[in-house]
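The values are calculated or read from the model by the stated rules, or taken from the named source; none is laboratory data. None of the values given here were measured: they were computed from a predicted structure. Neighbour counts run over all protein chains shown; Cβ positions are idealised from the backbone, glycine included.
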């Protein structure tokens, strides 16, 4: 069992530094830092932030790649009772301006590599009064990071931060529309860290590896925070890289890693190597778990498990430890939550039927408080006294859940409701396909037609007819795509989620293959 935790993130770090000051806490390719070092560094930076006017309850925006300064700033702001609002480093233009204006921060800490993106929209920023540049010389009108590390500054006053105080503003991924900022309390961070430990069976000896951005739930709440509670090691990569992945895992001595559907597929489709088992990883967790997971486990010598979670509510479905979950399942309900699957009218569906997952926490501060400065969206998400995830799942008679797809990711074709995720899984079993995204496009018969946007493996040649033959053997006829478009890459967020709204905006292009037109020839 993980240890009980303090009321706030900063208090938990202080406790960890007192118990294990010299034990490694965070490991990156640039170095490693102990609990004591992170505690002292965050105290020093907290004093610098206080001197710059940061106070309890203030939102402070970060636009940083994965770096140790990100972690230090998060803990420093937590100690002050301020709220860390990390923005997606891929944002630019109006999207970036809207994101920064949404959270009403007065202070922005930005890496020198991301500063040009901010400079492009600086004139549109309504609340930012000061910028601190990290990783290089500050631009005119900006301060350098050294201003926060002045040893002559007095320590920031101690603040009695409670478990319900806000710790983070985490932006939703924005794959289907405008990003929202979920208000995350301190207890959410620590309770879901504990939930992750128990759900995955993590131990203090584990090295938890995450190559995804620190502004994402996976890295912050499900990697760094669990390591903190365990007094273990959080190994944070700079970014996901197929070519560097296993080398980085070896260098970090990682025992547990997390994956996403696209990234695990890319790793699987690399040519086999004599070094495939040259690592110490014992467990990988993520979503979705592909059909070929057993072959991956055999090849790489580590177990893969699927779970279910989301930014606004953390993870609450885990595969039971010691049980063999049915193929395709993401596990059973876990932790202090009430779950229900509902139809479009809010009525609970029977086992075996797909419905939207809605939930209620049975303890305080376990899910987000709402979307910052978006009261209408918050009310919509919490309608009928349930939090609505927007995800479609089904449950079997034994209580196992199966992810079906996003409610907004369903395609309505000729009277049939089709899961884009199910079509994608079938297409990705074709040997030449590296990754794909399935969307609905307007049909002349009303409703929608199915379109597949596909990235091929290196050196593979486009052969839409062969792909259609494959699909005919993998799925129902009404699910087989009419349109196929081959792309060099899919538009993605930095967390490797496909930005499907961009593909929808592009629609049917001149290079799109049409099965019906081909059949007429």
**Message:** Could you check segment 238-275 and list, in sequence order, the residues that are at pLDDT 95 or above and assigned to a helix (DSSP H, G or I)?
**Reply:** 245, 246, 247, 248, 249, 250, 251, 252
**Prompt:** Restricting the search to segment 330-353, which residues are buried (at least 20 other Cβ atoms within 10 Å of the Cβ) and under 19 Å from residue 419 (Cα atoms)?
**Reply:** 330, 341
**Asked** Can you name every residue in segment 404-423 that is farther than 21 Å from residue 454 by Cα and touching a helix residue (DSSP H, G or I) at 6+ places or on another chain (Cβ under 7 Å)?
**Response** 414, 416
**Message:** Can you pull out every residue in segment 377-420 that is assigned to a loop (DSSP other than H, G, I, E, B) and surrounded by fewer than 20 Cβ atoms within 10 Å (Cβ to Cβ)?
**Reply:** 382, 386, 396, 397, 398, 399, 414, 415
**Prompt:** Do you know which of the residues in segment 162-200 that are closer than 19 Å to residue 223 by Cα and at pLDDT below 95 is surrounded by the most Cβ atoms within 10 Å (Cβ to Cβ)?
**Reply:** 171
**Complete:** Considering segment 67-87, residues that are buried (at least 24 other Cβ atoms within 10 Å of the Cβ) and in a loop (DSSP other than H, G, I, E, B), and then whichever is farthest from the chain's Cα centre (by Cα), we arrive at 82
**Message:** residue 394 - would you say it is over 30 Å from residue 270 (Cβ atoms) and under 24 Å from the mean Cα position of the chain (by Cα)?
**Reply:** yes
**Fill in**
Considering segment 276-286, residues that are within 21 Å of residue 199 (Cβ to Cβ) and buried (at least 16 other Cβ atoms within 10 Å of the Cβ), and then whichever is modelled with the lowest pLDDT, we arrive at 286
**Asked** Does any residue of segment 448-467 turn out to be in contact with a helix residue (DSSP H, G or I) (Cβ under 6 Å, 6 or more places away or on another chain) and outside any strand (DSSP E or B)?
**Response** no
**Message:** Can you list residue pairs whose Cβ atoms sit under 6 Å apart, with the first residue in segment 328-354 being at positive phi and the second being surrounded by fewer than 12 Cβ atoms within 10 Å (Cβ to Cβ)? Count only pairs 6 or more apart in sequence or on different chains.
**Reply:** 346/384
**Message:** Take the conditions surrounded by 21 or more Cβ atoms within 10 Å (Cβ to Cβ), touching a helix residue (DSSP H, G or I) at 6+ places or on another chain (Cβ under 8 Å) and free of Cβ contacts under 8 Å to residues at least 60 places away in the same chain and apply them to residue 312. Does it pass?
**Reply:** no
**Prompt:** Considering 304, 321, 289, 267, which residue is surrounded by fewer than 16 Cβ atoms within 10 Å (Cβ to Cβ) and closer than 25 Å to residue 203 by Cβ?
**Reply:** 321
**Request:** Report, ordered by the first and then the second residue, all pairs with beta carbons closer than 7 Å, sequence separation of six or more or different chains, a first member in segment 247-274 that is in contact (Cβ under 8 Å) with a residue 12 or more places away in the chain and in the same structural domain as residue 211 (by TED's automatic domain parsing), and a second member that is surrounded by fewer than 18 Cβ atoms within 10 Å (Cβ to Cβ) and assigned to a helix (DSSP H, G or I).
**Result:** 272/299
**Request:** Quick one: count up the residues across segment 354-373 that are out of contact with any helix residue (DSSP H, G or I) (no Cβ under 6 Å at 6 or more places or on another chain) and either modelled with pLDDT under 95 or not in a loop (DSSP other than H, G, I, E, B) (or both).
**Result:** 7
**Request:** State all residues of segment 98-116 that are assigned to a helix (DSSP H, G or I) and crowded, with 21+ Cβ neighbours inside 10 Å; if no residue qualifies, say none.
**Result:** 99, 100, 102, 115
**Asked** When you go through (1) in a helix (DSSP H, G or I); (2) surrounded by fewer than 19 Cβ atoms within 10 Å (Cβ to Cβ) one by one for residue 431, which number turns out not to apply?
**Response** (1)
**Fill in**
Within segment 51-66, of all residues that are more than 17 Å from the chain's Cα centre (by Cα) and part of a loop (DSSP other than H, G, I, E, B), the one nearest to residue 98 (Cα to Cα) is 58
**Request:** Hey, can you tell me all the residues within segment 201-224 that are under 20 Å from residue 308 (Cβ atoms), in contact with a helix residue (DSSP H, G or I) (Cβ under 7 Å, 6 or more places away or on another chain) and at pLDDT below 95?
**Result:** 212
**Request:** Working only within segment 88-97, note down all residues that are part of a helix (DSSP H, G or I) and either under 17 Å from residue 220 (Cα atoms) or out of contact with any helix residue (DSSP H, G or I) (no Cβ under 6 Å at 6 or more places or on another chain) (or both).
**Result:** 93, 94, 95
**Request:** Test each condition in (1) in a helix (DSSP H, G or I); (2) in contact (Cβ under 8 Å) with a residue 12 or more places away in the chain for residue 122 and report the one that comes out false.
**Result:** (2)
